[in-house]
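The values are calculated or read from the model by the stated rules, or taken from the named source; none is laboratory data. These numbers come from a predicted model, not from an experiment. Heads up, the Cβs are rebuilt from the backbone with ideal geometry, glycines too, and the neighbour counts pull from every protein chain shown. Accessible surface is based on the protein model in full, side chains and every heavy atom, while ligands, DNA and RNA are left aside. Shrake-Rupley method; radii C 1.70, N 1.55, O 1.52, S 1.80 Å.
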Amino acid sequence: MKTILILSLTLFSSITFAQENKLISLEALVNKTDPAWPLVKKWIDSAKNKVEILPVDSAKAKEVLYHSQMTTYATLGSVIYNTGGIMVDNGWIRILGSGSERLSRNIAEWNKGKTIKEYGDNIPYLLIADDAVGGFFAINYGGLGKDIKNVYYLEPNTLTWQPLGAGYGEFLVFCFDSDLSKFYKGLRWSNWSQFIANLDGTKTYSFRPYLWQEGTDIEKCTRKLVGIEDMYRFNIMKSKELNADKGIKKDESKKEETKNEQ
């Protein structure tokens, strides 16, 4: 039953960016009869990993929901409307919501200037989360592959977008319940947990040598904190440079890891 509910919500989690910037009203986006939040909250309450719901400012949440054009019937809309964001595994993964003190970025403003120019534009993919080592998660809306509405991960060690074979609802369950040490094998240094708990949501770690350089061992790297904005733009630029002739790398291992954790 849980899987059916996840898949049902995933089916309806398509973003509703309108043509010609004609935005749908806030009243139409707030679902009062069957919102997804009670189910998401149930997942959080039973999570195997440490999950922290960041405080929400209701006025800001309404603004971000409107700009993102997502209904609260969908899992993504419910996260925007009911949280300032979600921290997983002591903040290793930062799932974007409507913004808070610890995670000041909100999902609408974060995507503007990166995946869209103006609110209401058609979107190739939507950035939804990122992590402490410069990895980025996004929902595909045609710009990353043919599997529309599925989540991809921009790996910091390959700088390629990897399909996870999961929609947004399944992605949340994966974050909450999976063995993240397995997913992040080779991307966590031995005492990483000592550096993450108080990590600012606008920062991420950068490594030298770069993680995507051949033969790099994260245990031997030097690291420093950098702005997440700078990291994203650098990774996208470098990804295009390194993978210009390769297209999207289809690594089924990430997809299988995600599915096996459902």
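In the set Lys50, Lys42, only one residue is farther than 30 Å from Phe195 by Cβ, surrounded by fewer than 19 Cβ atoms within 10 Å (Cβ to Cβ) and either aromatic (Phe, Trp, Tyr) or at pLDDT 95 or above (or both); that residue is Lys42. Across the range 92-122, the number of residues qualifying as within 13 Å of the chain's Cα centre (by Cα) and either at pLDDT below 95 or of a type in the set (Lys, Arg) (or both) comes to 2.
Kindly indicate the residue of the range 132-150 that is touching a residue at least 60 places away in the same chain (Cβ under 8 Å) and farther than 16 Å from Arg233 by Cβ and also most open to solvent (accessible area, probe 1.4 Å) among those meeting that condition.
Step one: of the range 132-150, the residues touching a residue at least 60 places away in the same chain (Cβ under 8 Å) are 132-134, 136, 139, 141, 144-145, 148-149.
Subset that is farther than 16 Å from Arg233 by Cβ: 132-133, 139, 141, 144-145, 148-149.
On the way: Ala132: 0, Val133: 4, Ile139: 2, Tyr141: 41, Leu144: 9, Gly145: 23, Ile148: 82, Lys149: 57 Å².
Looking at the filtered set, the residue picked out is Ile148.
Residues in the range 103-129 that are outside any strand (DSSP E or B) and more than 22 Å from Leu164 (Cβ to Cβ): Ser104, Asn106, Ala108, Glu109, Gly113, Lys117, Glu118, Tyr119, Gly120, Asp121, Asn122. Of the residues making up the range 192-214, those that are at pLDDT below 95 and either of a type in the set (Val, Ile, Thr) or over 18 Å from Val226 (Cβ atoms) (or both) are Ser193, Gln194, Ile196, Ala197, Glu214. Looking across the range 47-102, the residues that are under 15 Å from Val173 (Cβ atoms) and assigned to a helix (DSSP H, G or I) come down to Thr75, Leu76, Ser78, Val79.
Could you go through the range 178-188 and let me know if any residue there is among the basic types (Lys, Arg) and over 26 Å from Pro163 (Cα atoms).
Kept after step one, since they are among the basic types (Lys, Arg), are these residues of the range 178-188: 182, 185, 188.
Cutting the leftovers down to over 26 Å from Pro163 (Cα atoms) gives us none.
Looking through the range 178-188, none of the residues is among the basic types (Lys, Arg) and over 26 Å from Pro163 (Cα atoms).
Checked against the criterion of being at pLDDT below 95, touching a Gly at 6+ places or on another chain (Cβ under 6 Å) and not hydroxyl-bearing (Ser, Thr, Tyr), the range 239-249 has at least one qualifying residue. Counting the residues of the range 217-239 that are open to solvent by less than 20 Å² (accessible area, probe 1.4 Å), among the β-branched types (Val, Ile, Thr) and more than 10 Å from Tyr205 (Cα to Cα) gives 1. Every condition in (1) closer than 23 Å to Ser193 by Cα; (2) at pLDDT below 95; (3) among the charged types (D, E, K, R) holds for Asp89 except the one numbered (2). If the condition is being aliphatic (A, V, I, L, M) and either more than 22 Å from Asn49 (Cα to Cα) or out of contact with any Lys or Arg (no Cβ under 8 Å at 6 or more places or on another chain) (or both), then the range 87-126 contributes Ile93, Ile95, Ile107, Ala108, Ile116, Ile123, Leu126.
Among the residues of the range 91-112 satisfying the criterion of being of a type outside the set (Phe, Trp, Tyr) and over 21 Å from Lys149 (Cα atoms), which is surrounded by the fewest Cβ atoms within 10 Å (Cβ to Cβ)? Break it down stepwise before answering.
First, pick out the residues of the range 91-112 that are of a type outside the set (Phe, Trp, Tyr): 91, 93-109, 111-112.
Those still in the list that are over 21 Å from Lys149 (Cα atoms) too: 91, 99-105.
Working: Gly91: 19, Gly99: 27, Ser100: 21, Glu101: 11, Arg102: 18, Leu103: 23, Ser104: 14, Arg105: 20.
Across the range 91-112, the extreme among qualifying residues is Glu101.
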